[in-house]
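Please read the structure below before turning to the comments.
The values are calculated or read from the model by the stated rules, or taken from the named source; none is laboratory data. Model, not experiment: these values are computed from the prediction. Note that we place each Cβ from the backbone using ideal geometry, even for glycine, and neighbour counts take in every protein chain shown.
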Amino acid sequence: MHFWGFGFGLVGIIYLGFWGLVIYTLISVARWANQSRRNAEAYYKTASVGKIVDESNAAAAIELLREQERIANSRRRQQYKAGAFVNIAVGLALMFFLLSLPSQGAHHAFLVGLIPFLIGVSLLALSGLSASGRA
(Lines give C-alpha, C1' and ligand atoms only; values in the text may rest on other atoms or scores of the structure.)
Protein backbone atom coordinates (compact mmCIF):
# COMPACT_ATOMS: atom_id res chain seq x y z
CA MET A 1 0.00 0.00 0.00
CA HIS A 2 1.28 3.47 -0.81
CA PHE A 3 0.76 6.57 1.28
CA TRP A 4 0.50 10.08 -0.13
CA GLY A 5 1.66 8.98 -3.56
CA PHE A 6 5.10 7.92 -2.30
CA GLY A 7 6.53 4.49 -2.90
CA PHE A 8 6.77 3.28 0.69
CA GLY A 9 4.17 1.48 2.73
CA LEU A 10 3.28 1.12 6.37
CA VAL A 11 6.66 -0.33 7.29
CA GLY A 12 8.36 2.73 5.81
CA ILE A 13 6.11 5.07 7.77
CA ILE A 14 6.86 3.18 11.00
CA TYR A 15 10.59 3.23 10.20
CA LEU A 16 10.59 6.98 9.57
CA GLY A 17 8.54 7.59 12.71
CA PHE A 18 10.95 5.54 14.82
CA TRP A 19 14.00 7.45 13.61
CA GLY A 20 12.19 10.76 14.01
CA LEU A 21 11.49 9.85 17.62
CA VAL A 22 15.12 8.83 18.17
CA ILE A 23 16.42 12.10 16.74
CA TYR A 24 13.92 14.16 18.74
CA THR A 25 14.93 12.36 21.95
CA LEU A 26 18.63 12.87 21.23
CA ILE A 27 18.13 16.59 20.64
CA SER A 28 16.04 16.93 23.81
CA VAL A 29 18.66 15.22 25.98
CA ALA A 30 21.46 17.30 24.46
CA ARG A 31 19.57 20.54 25.13
CA TRP A 32 18.78 19.45 28.69
CA ALA A 33 22.45 18.62 29.35
CA ASN A 34 23.56 21.94 27.89
CA GLN A 35 21.07 23.88 30.01
CA SER A 36 22.15 21.98 33.12
CA ARG A 37 25.79 22.86 32.40
CA ARG A 38 24.89 26.53 31.94
CA ASN A 39 23.00 26.59 35.24
CA ALA A 40 25.98 25.07 37.05
CA GLU A 41 28.35 27.59 35.46
CA ALA A 42 26.12 30.50 36.51
CA TYR A 43 25.88 29.14 40.06
CA TYR A 44 29.65 28.75 40.45
CA LYS A 45 30.31 32.10 38.79
CA THR A 46 27.96 33.82 41.26
CA ALA A 47 29.52 31.97 44.19
CA SER A 48 33.08 32.90 43.16
CA VAL A 49 32.19 36.56 42.65
CA GLY A 50 30.48 36.56 46.08
CA LYS A 51 33.61 35.12 47.72
CA ILE A 52 35.83 37.70 46.03
CA VAL A 53 33.57 40.51 47.23
CA ASP A 54 33.56 39.09 50.78
CA GLU A 55 37.32 38.51 50.95
CA SER A 56 38.59 41.58 49.16
CA ASN A 57 37.12 44.64 47.54
CA ALA A 58 34.48 45.09 44.87
CA ALA A 59 37.06 46.30 42.33
CA ALA A 60 38.56 42.80 42.09
CA ALA A 61 35.12 41.31 41.49
CA ILE A 62 34.37 43.87 38.78
CA GLU A 63 37.73 43.13 37.15
CA LEU A 64 36.93 39.40 37.19
CA LEU A 65 33.56 40.00 35.54
CA ARG A 66 35.14 42.19 32.86
CA GLU A 67 37.74 39.53 32.12
CA GLN A 68 35.06 36.86 31.81
CA GLU A 69 33.07 39.12 29.47
CA ARG A 70 36.17 39.73 27.35
CA ILE A 71 36.79 35.99 27.06
CA ALA A 72 33.13 35.38 26.10
CA ASN A 73 33.31 38.09 23.41
CA SER A 74 36.52 36.63 22.02
CA ARG A 75 34.93 33.17 21.87
CA ARG A 76 31.85 34.61 20.14
CA ARG A 77 34.04 36.33 17.51
CA GLN A 78 35.86 33.06 16.85
CA GLN A 79 32.55 31.27 16.39
CA TYR A 80 31.35 33.95 13.95
CA LYS A 81 34.57 33.60 11.96
CA ALA A 82 34.30 29.80 11.85
CA GLY A 83 30.68 30.03 10.67
CA ALA A 84 31.67 32.64 8.11
CA PHE A 85 34.41 30.51 6.59
CA VAL A 86 32.12 27.46 6.45
CA ASN A 87 29.42 29.49 4.66
CA ILE A 88 31.92 31.00 2.23
CA ALA A 89 33.30 27.54 1.41
CA VAL A 90 29.81 26.08 0.93
CA GLY A 91 28.83 28.99 -1.32
CA LEU A 92 31.91 28.66 -3.50
CA ALA A 93 31.54 24.87 -3.72
CA LEU A 94 27.87 25.23 -4.66
CA MET A 95 28.69 27.76 -7.37
CA PHE A 96 31.39 25.52 -8.88
CA PHE A 97 29.11 22.48 -8.69
CA LEU A 98 26.22 24.27 -10.40
CA LEU A 99 28.54 25.65 -13.06
CA SER A 100 29.75 22.14 -13.86
CA LEU A 101 26.26 20.76 -14.46
CA PRO A 102 25.25 20.46 -18.10
CA SER A 103 22.12 22.53 -18.49
CA GLN A 104 20.29 24.00 -21.43
CA GLY A 105 18.52 27.10 -20.17
CA ALA A 106 19.63 27.41 -16.56
CA HIS A 107 23.13 28.74 -17.03
CA HIS A 108 22.60 31.31 -14.24
CA ALA A 109 21.76 28.66 -11.62
CA PHE A 110 25.24 29.00 -10.13
CA LEU A 111 24.14 32.33 -8.63
CA VAL A 112 22.28 30.35 -5.96
CA GLY A 113 25.72 29.80 -4.41
CA LEU A 114 25.89 33.52 -3.70
CA ILE A 115 23.35 33.11 -0.88
CA PRO A 116 25.59 31.15 1.54
CA PHE A 117 28.64 33.02 0.24
CA LEU A 118 27.16 36.42 1.12
CA ILE A 119 25.91 35.13 4.48
CA GLY A 120 29.50 34.11 5.21
CA VAL A 121 30.79 37.51 4.15
CA SER A 122 28.29 39.23 6.44
CA LEU A 123 29.26 36.99 9.37
CA LEU A 124 32.90 37.81 8.73
CA ALA A 125 32.07 41.52 8.69
CA LEU A 126 30.09 41.11 11.91
CA SER A 127 33.03 39.44 13.63
CA GLY A 128 35.28 42.27 12.49
CA LEU A 129 32.85 44.92 13.70
CA SER A 130 32.43 43.25 17.08
CA ALA A 131 36.21 43.07 17.44
CA SER A 132 36.50 46.80 16.89
CA GLY A 133 33.66 47.50 19.34
CA ARG A 134 31.25 49.06 16.83
CA ALA A 135 28.68 46.23 16.89
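Quick notes
- Selected residue (criterion: modelled with the lowest pLDDT) from residues of the range 34-90 that are more than 30 Å from Leu118 (Cα to Cα) and aromatic (Phe, Trp, Tyr): Tyr44
- Scan of the range 59-109 for residues that are of a type in the set (Lys, Arg) and touching a residue at least 40 places away in the same chain (Cβ under 8 Å), ordered by number: Arg76, Arg77, Lys81
- Answer residue from the range 95-112, given it is aliphatic (A, V, I, L, M) and assigned to a helix (DSSP H, G or I) and is modelled with the lowest pLDDT among those: Ala109
- When the criteria are applied in full, Ser28 meets the requirement of being over 28 Å from Gln68 (Cβ atoms), within 27 Å of the chain's Cα centre (by Cα) and surrounded by 10 or more Cβ atoms within 10 Å (Cβ to Cβ).
- Qualifying residue in the range 45-58 (condition: among the hydroxyl-bearing types (Ser, Thr, Tyr), in a helix (DSSP H, G or I), out of contact with any helix residue (DSSP H, G or I) (no Cβ under 8 Å at 6 or more places or on another chain) and without any contact (Cβ under 8 Å) to a residue 60 or more places away in the chain): yes
- For the range 80-96, the set of residues classified as out of contact with any Leu (no Cβ under 8 Å at 6 or more places or on another chain) and surrounded by 12 or more Cβ atoms within 10 Å (Cβ to Cβ) consists of Ala82, Val86, Ala89, Val90, Leu92, Ala93, Leu94, listed by residue number.
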